[in-house]
1. Given the residues Thr160, Thr171, which is the only one that is among the polar types (S, T, N, Q), modelled with pLDDT of 95 or more, part of a loop (DSSP other than H, G, I, E, B) and not assigned by TED's automatic domain parsing to the domain that holds Ala313?
2. Counting residues that are touching a helix residue (DSSP H, G or I) at 6+ places or on another chain (Cβ under 6 Å), which helices (runs of 4 or more DSSP H) fully inside region 1-101 reach at least 1?
3. Here are the criteria: (1) on the phi > 0 side of the Ramachandran plot; (2) surrounded by fewer than 16 Cβ atoms within 10 Å (Cβ to Cβ); (3) not aromatic (Phe, Trp, Tyr). Tell me which single one Arg79 does not satisfy.
4. Filter region 122-154 for residues that are surrounded by fewer than 17 Cβ atoms within 10 Å (Cβ to Cβ) and within 8 Å of the ligand (Cβ to nearest atom); which is modelled with the highest pLDDT?
5. Which members of region 155-169 meet the condition of being under 30 Å from Phe7 (Cβ atoms) and either free of Cβ contacts under 8 Å to residues at least 12 places away in the same chain or surrounded by fewer than 17 Cβ atoms within 10 Å (Cβ to Cβ) (or both)?
6. Starting from residues that are more than 7 Å from the ligand (Cβ to nearest atom) and polar (S, T, N, Q), keep the ones in region 106-117 and report whichever is farthest from Met4 (Cα to Cα).
7. Of the conditions (1) surrounded by fewer than 16 Cβ atoms within 10 Å (Cβ to Cβ); (2) modelled with pLDDT of 95 or more, Leu99 clears all except one; give me its number.
8. Working only within region 194-208, note down all residues that are in contact (Cβ under 8 Å) with a residue 40 or more places away in the chain, in a strand (DSSP E or B) and out of contact with any Gly (no Cβ under 8 Å at 6 or more places or on another chain).
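The values are calculated or read from the model by the stated rules, or taken from the named source; none is laboratory data. Predicted, not measured: the structure shown is a model, and the values here were computed from it. Heads up, the Cβs are rebuilt from the backbone with ideal geometry, glycines too, and the neighbour counts pull from every protein chain shown.
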Amino acid sequence: MPMMKKFNPNLVKLLNILNDGQYHDGDSVGRRLGMTRSAVWKTIKKLEAYEVAIDSVKGKGYALFDPLILLETQKIKKRLNEKVDLHLFESIASTNDYLKSIKPVKGISFCLAEQQTSGKGRLNREWYSPFGRNIYLSCLYSFQKDISELSGLSLVISLTILKTLKNYGITGLFVKWPNDIVHGNKKIAGSLIEIQAETHGFCQAIIGVGLNVNMLGGDLPITQAWTSMRKILGSPVDRNELCARLINTLLADLREFEEVGFSGFVDRWSEADALANQTITLKNVREEIRGKVAGINEHGHLLLRLANGSIRAFSSGDTSIVKKGEHSSPGHS
Ligand code: BTN
């Protein structure tokens, strides 16, 4: 079982007091919350260990530099269009790994965490997952489909995230095949899909979504250019509401995918395709190949027009746009 920490309700209660931005001393906070001064101090230390910036001044008490509203199961559930099984953690290794470890229940399970200590990205990359800033969400969904029919699912999830973000009034968003959501060439979200079991035409997908919400600058261990909703919108976003909107959109899109397959999403993809008509380099485990993007096919595979004029479909790989004036190295198509 992966390392996990259940939610300590004192964290939410303490932050509710400190979120007014004023200084509060340990005694008065303790009285309001029915906690000892030392329990308040321990909770403060816990927040600091999660790298929440707290100012502490002798004689005045504690104050938050930046308000922080934590996720709460009830706040999310009350906004959902249907009942789901929801597991929320203060900290966990990876929400995807957690859903792999549980005994599946009837219906759809979700896992959310305020922090991931081993968040995973595609292609064995790490997904930086600081406490309380972003959304780290996984969904365990059972399909009455053969694994071969799930191609395109990753693109559907990219479109789900894009739709959710657009509903916040964010413009200039694109999907970059297969799973990046970008704004001004900076990544704002990505998804990681793992297929768990497969028997007689049934399979279970674990769909993980990482979305940068209130994360701001600083010296962060992220190698790709990135952005967040807060950076774009200029103010913090209510993550409880955002989680509910994301889950509602995800469930609607998954149902549509179950019914009609990826063909129902091709137009939505084409409208938001960051790579359309671009010359790109595609790298996968077997090769590195250059070509001009000619859209996607009905399975969600990327179509590349190669130098000899032929079109080839790719089901996986990492893509990068070739800047004007860059020449292909010998041996590349
Ligand atoms: C990528 O763009 O490379 C995929 C990022 C996926 C990150 C999410 S965060 C929730 C879930 N748990 C994980 O460990 N990874 C996914």
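1. Working: Thr160 fails: part of a loop (DSSP other than H, G, I, E, B).
Only one candidate passes the filter, namely Thr171.
2. Working: elements: 9-18, 26-33, 37-49, 73-77, 95-101.
In region 1-101, the matching helices (runs of 4 or more DSSP H) lie at 9-18, 26-33, 37-49, 73-77.
3. Failed condition: (1).
4. Checking each candidate, the answer is Arg125.
5. Once the filter is applied, which keeps residues that are under 30 Å from Phe7 (Cβ atoms) and either free of Cβ contacts under 8 Å to residues at least 12 places away in the same chain or surrounded by fewer than 17 Cβ atoms within 10 Å (Cβ to Cβ) (or both), region 155-169 yields Asn167, Tyr168.
6. Of the residues in region 106-117, the ones more than 7 Å from the ligand (Cβ to nearest atom) are 106-115, 117.
Checking the rest, the ones that are also polar (S, T, N, Q) come to 109, 115, 117.
Working: Ser109: 17, Gln115: 10, Thr117: 9 Å.
In this case the residue turns out to be Ser109.
7. In the conditions (1) surrounded by fewer than 16 Cβ atoms within 10 Å (Cβ to Cβ); (2) modelled with pLDDT of 95 or more, Leu99 misses (1) alone.
8. So in region 194-208, the residues in contact (Cβ under 8 Å) with a residue 40 or more places away in the chain come out as 194-196, 198, 201-208.
Filter again for in a strand (DSSP E or B), leaving 194-196, 198, 202-208.
The answer is Ile195, Gln196, Glu198, Phe202, Cys203, Gln204, Ala205, Ile206, Ile207, Gly208.
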